[in-house]
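Each value in this text was obtained by applying a stated rule to the coordinates, not by laboratory testing. Just so you know, these numbers come straight off a predicted model, no measurement behind them. Using ideal geometry, Cβ is built from the backbone for each residue, glycine included, and neighbour counts are taken over all protein chains shown.
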């Protein structure tokens, strides 16, 4: 509507000079005899003409508009809203691309967190579903929104929030069956064999310890001169301090260089604190195929505290 009014106003302005010219035509050319008159005999034509305008009340001639300038003004006023809309679209798209890239980078952690909260299938109850929802919101508040704020796009979070939550859900449930061969209802000894196979896929040579008298180590593994002790915990609830204490003692007993506790469940805050003090790595079994002892400091799952 504003664009139409601006265009109508410009058209009226363009028409006004033509009307002024029609109402006040140019005087006819002077005759040749005028050129033979002396300056003293010439009549003051311009003052007389200006006075006549003031006498008869007609307006002075309206100066004409430049057609290119008028067209440029018309096009500018019509395209300004379109340009603003394009800027908004570009900024929203940039914010969405940044958010999706950050979610993709955290895909492994999101998938692991989903497995810890909901399990392999969506078997959790209403309480688990609510906890998973809180995990997604916490990830948005601690990771995604700061990314946008650092790029000057924090105001665009409400516009991309719904898309971000959908992408988190898609990434977290990608490969929803998890590692092949895992079943939350499997026997603990089968879980130990399952974890040993994952380590072998990462290039480790593994050996299972006897079911009794293992001194806190379920798996002994070696690779490139590094000796590793592993404690396996197939739990339905959070893993506590006991597992950390057991594997720390097993590392000293076996003369190993590294120790890890691997589980399908989350770890308590106390277990994480004790693991940092004793240089024990806490892992989900999904991370075993990529485990390297030099990455032990960053392999503990910081979000698995509830």
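For 233, 136, which order do you get if you count the other beta carbons within 10 Å of each Cβ and list the fewest first?
Ranking 233, 136 by Cβ neighbours within 10 Å, fewest first, gives 136, 233.
How do 232, 226 line up, fewest other C-beta atoms within 10 Å first?
So the ranking, lowest neighbour count to highest, is 226, 232.
If R0 is 41 Å, what FRET efficiency do you get for residue 201 and residue 166 from their C-beta distance, rounded to 0.05?
Approximately 0.80, to the nearest 0.05.
Quote to one decimal, in nm, the extra length available between residue 186 and residue 126 on full extension: 0.36 nm per residue of separation minus the C-alpha distance between them.
In short, 19.2 nm is gained.
So what's the convex hull volume per residue for the Cα atoms of region 188-299, in Å³?
89 Å³
Would you mind ranking 191, 235 so that the residue whose beta carbon has the fewest other beta carbons within 10 Å leads the list?
235, 191
What whole-number distance in Å separates the alpha-carbon centres of region 78-99 and region 180-249?
Comparing the Cα centres of region 78-99 and region 180-249, I get a distance of 52 Å.
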